[in-house]
1. Identify, please: which residue in the range 23-48 is surrounded by 10 or more Cβ atoms within 10 Å (Cβ to Cβ) and of a type in the set (S, T, N, Q) and is, among those, nearest to Arg68 (Cα to Cα)?
2. Condition first: modelled with pLDDT of 80 or more, assigned to a helix (DSSP H, G or I) and over 23 Å from the mean Cα position of the chain (by Cα). Can you find one or more residues in the range 9-31 that meet it?
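The values are calculated or read from the model by the stated rules, or taken from the named source; none is laboratory data. As the structure is a computational prediction, the values presented were derived from the model and not from experiment. Reconstructed Cβ throughout: ideal geometry from the backbone, glycine too, with neighbour counts over all protein chains shown.
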Amino acid sequence: MTTNTLAISGVQRRFGLLAAFEGAVARFNRRRQLARARAELHRLSDAELADIGIARSDIARVVETGRR
């Protein structure tokens with residue numbers, strides 16, 4: 001019984017580490033996606049930004065929140 005408990009505990013730990021790693025990868029990918037969106041908006045001219053209702057100073061907020 002002790003051996004089974006240790007094996008189950010080891011499996012749970014492994015799943016915990018896997019979940020933590022997957023979470024870290026997801027956060028990294030999300031930050032990278034937001035950085036690309038910010039860069040893309042910064043490449044637009046002020047007139048193009050105005051056409052879509054965004055001021056240059058609002059780019060970071062718009063990208064983070066998804067709202068104008």
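1. The residue in question is Gln33.
2. Within the range 9-31, not a single residue is modelled with pLDDT of 80 or more, assigned to a helix (DSSP H, G or I) and over 23 Å from the mean Cα position of the chain (by Cα).
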